[in-house]
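Please read the structure below before turning to the comments.
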Amino acid sequence: MARRSSSNSKKKSQFAIYSLAFVLIIMALSIGKSFLNQQAQHFTDLNEMSLADLKESGTSLSGNEYRISGEIADRMILANNRGLLVSIKSETAKGEAGLIPLHIPPGVNQINLERGHNYTFKVEVNREGLPVAQDIKAD
Amino acid sequence: MSPFIHLPNQQALNHHTPLKTMRFLTILITLTIPISAQVYSPGDGDANRDGDANRDGNNTANGSNNSASTTVESKNTSASVYGNELPFVDPTQETITIMGHTFGLGDNRLGGMFESYLADSPNTSEDALEYRATIDSILKAVSPYTKNVSVPQKIRDGFSLLPRAATYSGDGRICDSLSNAIYAAMLSKGTVKNSKQYIADLEKEKKRIIAKADWMRRSGSTALSSNTKLRIGLPKRQNGDAKLAPLPLHMESYKIQEMQRRILEIETLKKTHQGKSELSMLQARIEYQALLAQLFIQRRFEHVIIGTRFYNLIFQDGSSKMHLKKDSDVNKFFTEGLGVEPTVTGLDSAANEAMRKAKSLVKGFQNHLEYNELHSASKRLTEAYAIGEFLPVLQTVPAPERRIVLEYVRSGNDLIKAMDVRDYTQAKIILEALKKRSSDFDSTKAEGAIAAFTRASNGHIRSAQLALLNGDQESFQEELKKATQVWPTNPKLDEIDKQLDSLLEDSDMVKTLVDDFDRLLSEDNFREIFDRRFEFVPVVKDDTSRKDAIEQIVRNITRIDGTISLAEVSSKNGNNFAAWEALAELRDEFPKDPELLQRLEKLSSKVADFTVALNRAKEFEDNDLNPQTGSALSWYMQAKSIYPSSEHAQEGIDRLSKRIMPDEREPAEASSGSPFDEDMPVK
């Protein structure tokens, strides 16, 4: 009987150890991911642009700077050296999904912009409610 | 106008008939039928035809009125090139053609009488048979060939039968008239006989007085004078010799003078009675001959023969010369027809020849009938009827044979009437029936006339139609008038009427259609105009503005319908976006087309998200007061994400991309480069 008791308490202690180790691992992974996320986000000092506001009234956002992150769905070179017009397939933290038009003037830091790739843009909404890229970071 | 009639077929008709007799018969017909020749001749469509007809009618009437002066028309010289095409009997024109000569029927109305005769039953009643037997008996009784009978007995035998014959209604009491004439002649003859006796007595008395006067002169005896009455008239030997006993001079003077006066009186009386008897006999002859002539004219040939035979028995002096008034018709009939003085014997001969001719014609009629030669049969029977309708040979023609001819003649009359009123359709039908009915009916002239007139009328109708097409109203009316005159019942005239009615209706319809078109156009009801384009196009073809309008409407609606058809195909293939876009593109051009809007409405429910995105984009794009390029682009891009091939969305993006300025601080107009450069999508 005593032997049977000593064996049970040993098993219990092992289970506790394993459980604790698992919790610690999970916590470590979460912390690591959060850290890594914070490391990958650009222009975090800017608010994410509201897609709903843009669709309802872009001019209401005129003059403001926002951050837009997403995949380039389409792009178009504007004539007369006016830069590019791209559409960003974005999904905000609020769960809004949709396409955001973005004008990239010629003077903006040039990087390769390819369809299907993710980028983060620092934008300023012009007076006609169109986001104009100020800076671009590839994700 | 010569009273002689040339008979070209006389030898063929009668090889044994002398020429004079034939002329005699022909003139007989002439006498019995007042003349006014007129053969039907369809007019040439001239408007004066009625006048001609009236003129002809007047001539006919004149001929009838002047029937006393018997004339014979020469061979018909119709003005119509189609003349003589009608049957031989033309009751409508009151004419009859016999042996190539046309005679007017005048008041005799032979046509109607002949039809009555044809419709009548043969006269074979018991009375009729008895009558004919009586007539035969009379003829036999007074025949010169009856032997061993004295002349007075012959007269008595024949005379006694005349009243019996007169009782028959068909005799018309002619035998009574004949009896009266014979009786009057007999009385006259008896009066003359008494007169002759009286004259003889006067002559005897005169001779007696002369003898007495001679005796007195010779005897000179006064004694004689006292017994004169006893001795007068006695032989010379009884009265003694007058020379031996002369009267005293003073006495002789008075006696002789008185006797001479008496002799003169007797001579005067004798002469007077001789003149009276001669005059009475002449009067009796004239009256008797007048009756014979009248019976001959009435074609009572049997009575004529009876009369002549009685005449020969009554007046046995051998003189048969007829005492007719010079230049009278009857006198002309003999003198001009035969070229001889008329005689009772000639009358008898002519009556016999007429009877023989009638028999011959009836025989010919029956022969023609046997071979179904109805035309010739009808002619023969008509000729026979015209010669002697009262003869037994005519009266006993069987009813079936008459009926055949009657129907044929009626058809002929119908043909004449149809031709007369210019109903050539009906005339052609009758003509065909006549050709089938009779094997010898000559239809060539009638057919030629019908063909000519129908062709002429149809030609005028064609000319009228051409004039109508050319808008020549005057020519149209003139040609139509001519066509109607030539053939009033031409069926093609009905076609003209229908065309004119149609034109009138069209005129009203054109106005209505133009009004409808203008109303629909003002209502922008282009669909209705398109649906009724086949009504509108013909009536507005000469109106440039309306024509352009309807052409444009038809062109656009055709385009819309074509697009709708394509959209339906796309929709069936599951591509409602493409279908909607195709129709929506037209909506901007034709925003009021109901069919288009209806289709779009149906499709909109199936592509609601897409259309909402496009509509919102368009709203922002068109907001000039507060340009919302960003919002508009956002919606266009959303629409394009729903239907990547959307042209609407792409066009919207392209339009808006041109509004994007190169720099926020530079106006769009300041941008450099060619205005024709296009934004280029980067793939």
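For the range A:93-139, give me the residue count where each residue is surrounded by fewer than 18 Cβ atoms within 10 Å (Cβ to Cβ) and hydroxyl-bearing (Ser, Thr, Tyr). Residues flagged as surrounded by fewer than 18 Cβ atoms within 10 Å (Cβ to Cβ) and hydroxyl-bearing (Ser, Thr, Tyr) within the range A:93-139 amount to 0. The residues of the range B:247-261 that are at pLDDT below 70 and assigned to a helix (DSSP H, G or I), listed by number, are B:Leu249, B:His250, B:Met251, B:Glu252, B:Ser253.
Restricted to the range A:90-114, and to residues there that are within 8 Å of another protein chain (Cβ to nearest Cβ) and under 25 Å from B:Ser645 (Cβ atoms), the residue that is farthest from the chain's Cα centre (by Cα) is A:His103. Among the residues making up the range B:621-637, those that are crowded, with 23+ Cβ neighbours inside 10 Å and part of a helix (DSSP H, G or I) are B:Thr629, B:Gly630, B:Ser631, B:Ala632, B:Leu633, B:Ser634, B:Trp635, B:Tyr636, B:Met637. Pairs are defined by a Cβ separation below 7 Å, a sequence spacing of at least 6 or placement on different chains, a first member in the range B:291-309 that is on the phi > 0 side of the Ramachandran plot, and a second member that is outside any helix (DSSP H, G or I) and modelled with pLDDT under 90; the pairs so defined are B:Arg299/B:Glu389; B:Arg299/B:Phe390. If you go through the range A:40-59 and keep only what is farther than 19 Å from B:Ser641 by Cβ, at the interface with another protein chain (Cβ under 8 Å from one of its Cβ atoms) and either touching a Pro at 6+ places or on another chain (Cβ under 6 Å) or surrounded by fewer than 20 Cβ atoms within 10 Å (Cβ to Cβ) (or both), you end up with just A:Ser57.
Out of all the residues in the range B:630-640, is one or more within 9 Å of another protein chain (Cβ to nearest Cβ), closer than 27 Å to A:Gly107 by Cβ, modelled with pLDDT under 50 and out of contact with any Phe, Trp or Tyr (no Cβ under 6 Å at 6 or more places or on another chain)? Among the residues of the range B:630-640, not one is within 9 Å of another protein chain (Cβ to nearest Cβ), closer than 27 Å to A:Gly107 by Cβ, modelled with pLDDT under 50 and out of contact with any Phe, Trp or Tyr (no Cβ under 6 Å at 6 or more places or on another chain), which makes the answer no. Every test in (1) touching a helix residue (DSSP H, G or I) at 6+ places or on another chain (Cβ under 7 Å); (2) modelled with pLDDT of 90 or more is passed by B:Leu468 save one, and that test is (2). What single numbered condition from (1) within 13 Å of chain B (Cβ to nearest Cβ); (2) assigned to a strand (DSSP E or B) fails to hold for A:Arg67? The failed condition is (1). Considered as a group, the residues in the range B:381-408 that are under 27 Å from B:Ala133 (Cα atoms) and among the charged types (D, E, K, R) include one that is surrounded by the most Cβ atoms within 10 Å (Cβ to Cβ), and that residue is B:Glu383. Among all positions in the range A:60-67, there is no residue which is touching a residue at least 60 places away in the same chain (Cβ under 8 Å), surrounded by 23 or more Cβ atoms within 10 Å (Cβ to Cβ) and either within 26 Å of B:Tyr643 (Cα to Cα) or in contact with a Lys or Arg (Cβ under 7 Å, 6 or more places away or on another chain) (or both).
Could you grab me the full set of residues in the range B:608-620 that are surrounded by fewer than 23 Cβ atoms within 10 Å (Cβ to Cβ) and not hydroxyl-bearing (Ser, Thr, Tyr)? Listed by number, the residues that qualify are B:Ala608, B:Asp609, B:Val612, B:Asn615, B:Arg616, B:Lys618, B:Glu619. Scanning the range A:78-92 for residues that are surrounded by fewer than 17 Cβ atoms within 10 Å (Cβ to Cβ) and not in a loop (DSSP other than H, G, I, E, B) gives a single hit, A:Glu91. For the range B:641-654, filtering for residues that are touching a strand residue (DSSP E or B) at 6+ places or on another chain (Cβ under 9 Å) and either in a loop (DSSP other than H, G, I, E, B) or facing chain A (nearest Cβ under 8 Å) (or both) leaves 2.
The values are calculated or read from the model by the stated rules, or taken from the named source; none is laboratory data. This one's a predicted model, so the numbers in the text were calculated from it and none came from an experiment. We place every Cβ from the backbone using ideal geometry, glycine too, and count neighbours over all the protein chains shown.
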